[in-house]
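Engineer: Below you will find the structure I want to go over with you.
Any read-out appearing in this document is the output of simple, stated calculations on the displayed coordinates, not a laboratory observation. Note that the structure is predicted; figures quoted are calculated from it, not measured. Positions of Cβ are backbone-derived with ideal geometry, glycine not excepted, and every protein chain shown enters the neighbour counts.
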Ligand code: 26Q
């Protein structure tokens, strides 16, 4: 996009006048943000219509979540006009950085949703024809605050001021039919700008509306108000993102959401194919679809239904589906694998259910062992099995995860269809996660090796011979990033973190398997150790947490309360003040992550081995020059391979050890042998912390009592964790330590989302 300052400011002025009857000198921040964004959109429109014009095979990324974060800075950077716009605004006395207060688009929970966002950006930057399809939730992920240490949730009213980055495409609206209700699906398109290559792909999010905008029969006193109710139900479908991560909640409205987005997307695409006079049986020469976990898997029976409605036989339609659909699994947690009550689907979507039955029958007709291979069993539909049976390719998201899928979770299916299973290790976009969030570090790298790494992250290994040179500047940059983060935390959380402290960070969704508890207990261990003199010369460390808990996840919320209580205890104790600080930041989101990732000294990736499919924050920290304190889980394993295990801090039971230990695990023995651990645990029940609600007591029980105490082996790994953590903290600040940091950056090439989408394109999508 070429940039002309005068023209740009004139455009902004025109939009301000038209939309808000105001001008550049009087506009509020929100008005100015909307006008600047719209001016950019209009400027890029020609490229957008050019790219989406078609002509080559495209992939649709079907996902219930797209965690895009803030659009403006990324878009301006990718269009190559960040400095120009900043300058133009400065020339009229306005500050681009004021847009830092613009809220994130938080239409996702965590890793899976952010991965979708990174892949869209990377695909556009690689010139790959990938478009996102999802739901335009009226409310995104809840906003989190803490009240007396407890999480409180508020609605995320992200559309209050409109969304200047999307356009409503009325002409592509379709009708989605449920047994009890028909709704209109209207798409809103958001441009996805490639990094300085003129490519613009599309994120298409569907919004639900009543088929009949207003029904005057409501005024007919002879009739009931059933239509009015129906209109209300129609808008409700897109009301809110379900705030769950790695757990499934079997709510009918969630099923409606899933069907709504895939039905709308497929109807839209089939209609266009027909209008272009294409043979629907050859749909796979123009399209393929990636199913982001099981959430959009109902697309399979929906396409079967549509194709038969268009005159295909079941077998023909099945053939098309087996060529266009692919499935990514993001979790081995049993509670996240979607299962739906057959009756629920049959009631809500009878024609779709019929197709699922068709798949089950087809599978039975193949003479497969029904105890191993089923889609419907005992009145339950297993969405992952449906996906694996039909899809062309099934992939896990890190080597270790794909191996677990092959040997455990989906072992029987893997033995049946070995050629279907592939691994594509996750990746992150280096534009948002280094160029944008850590510009000074990016410039330091540019100075040494040029800018090729911006679009080919493997190049970053070339900094290796320059590491010694880079150390002083790197330390200055990190210190500056830490200062900025500390100031932000001071302002937003009211906690002071001295800048000479080590910043030890764990940010991710709150889940028992991610073991924030392990981190929390280690802090208590250090705290009491410093107080009783058994730990001396402790390196001053700030433990920084960020995490949202699913509102219905009792234990996760209890862990937040526990950590907030620890923070209160530690931060108000003058004796330990020179050594310890604890802060749990509120409302952790993409924009907070951008500030935190560039300022961290330690990246905590401490899940129980075998539980974290991949993790992606581990990659973000690594790229920004942070060592990993972690278990051999998810992508940590590959991080060790790339950077050398000697440059990370690894502890704990491995997947194989976990499997054997779990069979005879008895945590009380461990507690008995470790008085310091016992003291840390006792704080949950001995009155150290206020616990009127009894949640800390329940936490204590989850670790020590019941049928399966300590399911995630927190106590088993505790001693090793503390040992390695102390070793890390004591290494901090040495030349050797800083060298490790930069070796991590230099080895992060593999974890580019550019590499990941290229693999998808080549191995799965067959697009260029
Ligand atoms: C399912 C049904 C009903 C309601 C909610 C859900 C639901 C929603 C979100 C289930 C799971 C999720 C999210 C899962 C997720 O984010 N998984 C993470 O995916 C990342 C990207 O691959 C991995 O890096 C992480 O390891 C994995 O935890």
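Engineer: Express in whole angstrom the spacing between the alpha-carbon centres of region 721-759 and region 292-335.
Structural biologist: Here the answer is 40 Å between Cα centres.
Engineer: Still on this structure, please answer the following. Tell me the label-point distance for the pair residue 22, residue 235, using the 7 Å Cα-to-Cβ offset, in nm and rounded to one decimal.
Structural biologist: 2.6 nm
Engineer: Take every DSSP beta bridge whose two residues both sit in the chain, then give the antiparallel share in percent to the nearest 5.
Structural biologist: Percent antiparallel among DSSP bridges in the chain is about 40.
Engineer: Something else about it: How far, in nm, would the chain grow between residue 403 and residue 2 when pulled straight, counting 0.36 nm per residue and subtracting the alpha carbon separation?
Structural biologist: 139.6 nm
Engineer: Hey, another quick one. Suppose only helical runs count, i.e. DSSP H with n ≥ 4. What mean residue ellipticity at 222 nm does that imply for the chain under -39500 (n - 2.57) per run, divided by all residues and rounded to the nearest 500 deg cm²/dmol?
Structural biologist: Taking each H run of at least 4 residues, the total per residue is -13500 deg cm²/dmol.
Engineer: Separate question: For a quick protection proxy, order the peptides 20-26, 608-614 by their average other-Cβ count within 10 Å, most packed first.
Structural biologist: 608-614, 20-26
Engineer: Sort region 634-757 into rounded, prolate or oblate with this rule: let a ≥ b ≥ c be the square roots of the eigenvalues of the Cα gyration tensor; rounded if a/c is under 1.5, and if a/c is not under 1.5, prolate when a/b is larger than b/c, oblate otherwise.
Structural biologist: Prolate, because a/c is 1.5 or more and a/b exceeds b/c.
Engineer: Distance between Cα centroids, region 520-549 to region 622-644: provide it in whole Å.
Structural biologist: Between the Cα centre of region 520-549 and that of region 622-644, the gap is 23 Å.
Engineer: Rounded to two decimals, what ratio of Rg to Rh does region 437-751 give with C-alpha atoms and a Kirkwood Rh?
Structural biologist: That ratio is 0.96, to two decimals.
Engineer: Provide the FRET efficiency to the nearest 0.05 for the residue 422-residue 281 pair, computing r from the beta carbons and using R0 = 22 Å.
Structural biologist: 0.30
Engineer: Can I ask one more? Quick check: pseudo-label points 7 Å beyond the Cα along Cα→Cβ at residue 97 and residue 415, how many nm apart are they?
Structural biologist: 6.1 nm
Engineer: Further, regarding this structure: On a C-alpha basis, how far is the centre of region 125-147 from the centre of region 404-441 in Å? Whole number, if you could?
Structural biologist: Taking the Cα centre of each part, region 125-147 and region 404-441 sit 20 Å apart.
Engineer: Explain nothing, just the number: relative contact order of region 437-751, from Cα pairs under 8 Å at least 6 residues apart, as a whole percent.
Structural biologist: Relative contact order of region 437-751: 23 percent.
Engineer: Using only the Cα atoms, what convex hull volume per residue in Å³ does region 622-706 have?
Structural biologist: 164 Å³
Engineer: Hey, what's the Cα Rg ratio for region 529-658 versus the globular rule of thumb, 2.2 N^0.38 Å?
Structural biologist: After normalising by residue count via 2.2 N^0.38 Å, the value is 1.16.
Engineer: With viscosity set to 1.002 mPa s at 20 °C, what whole-number translational diffusion coefficient in µm²/s follows for region 489-561 from Stokes-Einstein and a Kirkwood radius over Cα pairs?
Structural biologist: Here the translational diffusion coefficient equals 155 µm²/s.
Engineer: While we're on this one: Given the Cα-Cα distance of residue 720 and residue 513 and 0.36 nm per residue of separation, how much length would full extension add, in nm?
Structural biologist: Result for the pair: 72.8 nm of gain on full extension.
Engineer: Next question. Could you calculate the FRET efficiency of residue 462 with residue 487 from 1/(1 + (r/R0)^6), where r is the beta carbon distance between them and R0 is 35 Å, rounded to 0.05?
Structural biologist: 0.55
Engineer: Based on the mean of other beta carbon atoms within 10 Å per residue, what is the order of 674-680, 416-422, most packed first?
Structural biologist: 674-680, 416-422
Engineer: While we're looking at this one, here's another question. Can you check what the Kirkwood hydrodynamic radius comes to for region 251-338, Cα pairs only, in Å to one decimal?
Structural biologist: Taking every pair of different Cα atoms in region 251-338, averaging 1/r and inverting gives 13.8 Å.
Engineer: Right, something else. Bin all alpha-carbon pair distances of the chain at 20 Å intervals from 0 and give each bin's fraction as a whole percent.
Structural biologist: Going from the shortest bin to the longest, the percentages are 16, 49, 31, 4, 0.
Engineer: Could you work out how far apart the two model spin labels at residue 660 and residue 90 are, taking each label as a point 7 Å from the Cα in the direction of the beta carbon, and quote it in nm?
Structural biologist: Placing both labels 7 Å beyond Cα along the Cβ direction yields 6.3 nm.
Engineer: For the chain, what's the relative contact order in percent, using C-alpha pairs closer than 8 Å and at least 6 residues apart?
Structural biologist: Across the chain, relative contact order equals 13 percent.
Engineer: Would you work out if region 69-109 is rounded, prolate or oblate? Take a ≥ b ≥ c from the square roots of the eigenvalues of the alpha-carbon gyration tensor; rounded if a/c is under 1.5, else prolate when a/b is larger than b/c, oblate otherwise.
Structural biologist: It is oblate, given that a/c is not under 1.5 and a/b is not larger than b/c.
Engineer: Suppose R0 equals 56 Å. What FRET efficiency, 1/(1 + (r/R0)^6) with r the Cβ-Cβ distance, do residue 447 and residue 316 give to the nearest 0.05?
Structural biologist: Efficiency at R0 = 56 Å is approximately 0.45.
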